[in-house]
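Working notes, beginning with the structure itself.
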Amino acid sequence: MFLRIFGFLISGIISMVIYYEVSNTKFSSDEPNKDKLLVDLVSYVLDKLHYDPKIINDDFSINVYEDFIDAVDSQKRFLLKSDIESFSQYRLSIDDQIKSSDIAFFNLVYETLKTRINEVENFYEEVLFTPFNFDISEEIDLDYENLEYADDFDELKTLWRKRLKLSALDGFASKKEINIEDEKIKSDSEIEEESRKSITDNLRDFFQFNSELERKDWFSIYLNSIVTQYDPHTTYFAPEAKEVFDQNISGKFQGIGARLFKRNQQVEISEIIIGGPVWRDNLLNVGDIIIAVAQSKDEEPQEISLMKLSDATDLIKGEKGTDVYLTVKRVDGGIEQVKITRDLVELEETYAKSSLIKDDNNKYGLINLPRFYVDFDDYGERNAASDIRKEIISLKDKGIDGLILDLRNNGGGSLKTVVDITGFFIDKGPVVQVKSIGGRKEILRDNDPSILWDGPLVILVNEFSASASEILAAALQDYNRAVILGSKQTYGKGTVQNIIDLNNVISGNTYGDLGSLKITTDMFYRVNGGSTQLEGVKSDLIFPNRYSYVDIGEKDLDNPLNWNEIDPARYDNSAKIFNYSKAIEKSKKRISENEYFSLIDQHAKLVKSRQDDKVVSLEYKSYKQNQDNFKLQNDRLKVIDDFISPFLFDWNDNNQNSDSTYNDDMKEKRDRWIETLKKDIYVNEAMNLLKDLTSIEGGQILSQLNKN
């Protein structure tokens, strides 16, 4: 609650400070007055309220210059080398322009880009008029970062021809496969012609959407090229973008169950909505980029990079039960098409739930927490902490010997619930330290000396366990109360953001809605003094997974805040995990000898190699062979579907839901979750570890005392 209240206090402080400064700023009566005002207003707010304000100098100018050009033409498909040479006159002067509310650099890029896009629109149909020959040896390099800009218009045409050929080849390969499966009689030339026609239709839509973009849409990109220099989570929201940001695709609408965000001309998954189809079937991850959308498998996907976010969202949304096909660039660099059956978010899926697990002699408990949820208006209502308490008490009543807390894919939530949940496992003491702008520090504590569960505790995490999840895992690790299992480390987001409505910070505004600024104002620190920023929480036992060799997390974003440390809080970490070293050693041995983990590790290496390989063949046989090889490797992983844990899993009914709310649909969802636990190789190894932790006399005595 502190952070939420502090956010409101910040808004009040800004209102007073900015009014004095900005209301006295004079602008001319030219059309871009609002743009100039926004540059002045945003840069001033950042300087006064960002956790780590930047020095606006030549280095800052170079970074904005490069990021803005990359944002508007990251694939180098519109601008020419001569354009870049023209832009370079501003490379070292953008800092001066920001200070003087000058937008000459933006104006030049914007006008040039409009011209180039129109020129490409005038020739793409000519390129697509000629059939592509997929029998000749030809390649395309998709390493856009290191690719040179085209020297002239002819070279740009060649670049477009290759990229359109790749799109046509992809469509040709898919349609040819469908043609074989359906035993349709179509020649290769007919299939190739269909692919080119689909691309032509999609590009018409693509350029139509582009024509509907307004100057303000491009200027928002420029503003974000400035604000993201401070850190990757500081973002400017234009009025329309803020409205879309506040909507869940599946919260208010039927859809896929994800929140989208557009930055640098890319539509990115910013949050997976708990309870929706994407979350339920583990189809997408935060950071995945949606490249194109199709409404059926045989429809040519429609590129969405130049669309407004609202238009892209409309393509993805749809009625419950209908399918949508998303072409997605994964956080690991791979590109694939994902089929999603639209549905409604099921509220019950967002809450904590637990399973009773048995073997021949013992009982254990597993609690899954998808998110640290809370009703900010009434903390006494149902929240993550109160639900976890009920689950623990219910499992204790059934005589469990150990407990697993599953925080995988938990992106965070309420800080107060984290403090309360930590208190269930420790004596009273500090849980997390929060440092704010100006160096102000606050220690959030558990003041309740009672311990709800003092037996063996294992916490499951992965690369997408972030923010509040990291605070809980870090606190219990620092107190020596839990063994952390999972990826090398958690996500590493140790910062806090507040939303500032720019309309509230300036008086006498005559330019309409100014939008909002999401700004980083605080940083989290462990009780041992180290930040969770970048480093996250290191697992005590590391599991192989598909992202083992791929850089994922806060540290891999542009301009993240640095890791640092402050003085540790005073806390008692004298608790001892029984049999810790021996249990970890046995688990490592099991993992190294497990054929399933070996397959997962091999696949992770393949994912890494595909991420590094940017050259693609435009010859059908080679292209198809490459696709078949990757599919073969993926199919090898399907053997893991045969895995069934030897442990017995049962739904733990804690009477939280009354009989009146229980129905067949809920029973089906519960049964499906139990089935996933039975086939979860990571949960199985967590159980093996938990058994080892309770196998010695001390652990058994501790568990027995806990039952009593």
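Residue check: is Asn368 modelled with pLDDT under 95, over 26 Å from Asn498 (Cβ atoms) and surrounded by fewer than 23 Cβ atoms within 10 Å (Cβ to Cβ)? So Asn368 fails the test. Out of the residues in the range 536-580 meeting the condition of being of a type outside the set (Asp, Glu) and either not in a loop (DSSP other than H, G, I, E, B) or not assigned by TED's automatic domain parsing to the domain that holds Gly439 (or both), tell me which one is surrounded by the most Cβ atoms within 10 Å (Cβ to Cβ). Out of the qualifying residues, it is Leu541.
The residue of the range 602-626 that is nearest to the chain's Cα centre (by Cα), among those that are of a type in the set (S, T, N, Q) and either over 26 Å from Ala168 (Cβ atoms) or assigned to a helix (DSSP H, G or I) (or both), is Gln611.
If you take the residues in the range 494-535 that are of a type in the set (Gly, Ala, Ser) and part of a strand (DSSP E or B), which one is surrounded by the most Cβ atoms within 10 Å (Cβ to Cβ)?
Of everything passing the filter in the range 494-535, Ser531 is surrounded by the most Cβ atoms within 10 Å (Cβ to Cβ).
Of all residues in the range 122-146, those satisfying the criterion of being in a helix (DSSP H, G or I) and not hydroxyl-bearing (Ser, Thr, Tyr) are Asn122, Phe123, Glu125, Glu126, Val127, Leu128, Phe129, Glu145, Asn146.
Within the range 603-618, the residues that satisfy the criterion of being crowded, with 17+ Cβ neighbours inside 10 Å and over 13 Å from Ile335 (Cβ atoms) are His603, Ala604, Leu606, Lys608, Ser617, Leu618. May I ask you to verify whether Leu223 is aliphatic (A, V, I, L, M), modelled with pLDDT of 75 or more and assigned by TED's automatic domain parsing to the domain that holds Asn63? Yes. For Glu111, the conditions (1) of a type outside the set (S, T, N, Q); (2) more than 30 Å from Glu194 (Cα to Cα); (3) touching a helix residue (DSSP H, G or I) at 6+ places or on another chain (Cβ under 8 Å) are fulfilled apart from (3).
In the range 420-441, which residues are among the charged types (D, E, K, R), under 22 Å from Leu49 (Cβ atoms) and modelled with pLDDT under 95? Correct list: Arg440, Lys441.
For Asp135, the conditions (1) touching a residue at least 24 places away in the same chain (Cβ under 8 Å); (2) more than 27 Å from Asn202 (Cα to Cα); (3) touching a Lys or Arg at 6+ places or on another chain (Cβ under 9 Å) all hold with the exception of (2). Checking each residue in the range 194-220 for being farther than 18 Å from Ala312 by Cα, out of contact with any helix residue (DSSP H, G or I) (no Cβ under 8 Å at 6 or more places or on another chain) and polar (S, T, N, Q) picks out no residue at all.
Among the strands (runs of 3 or more DSSP E) confined wholly to the range 380-468, which include 1 or more residues that are within 29 Å of the chain's Cα centre (by Cα), under 23 Å from Ile566 (Cα atoms) and basic (Lys, Arg)?
Values: elements: 402-406, 429-436, 441-446, 457-460.
The strands (runs of 3 or more DSSP E) meeting that bar are 429-436, 441-446.
The values are calculated or read from the model by the stated rules, or taken from the named source; none is laboratory data. Here the structure is a predicted model, which is why all the values come from computation and not from measurement. All Cβ positions, glycine included, derive from the backbone under ideal geometry; neighbour counts span all protein chains shown.
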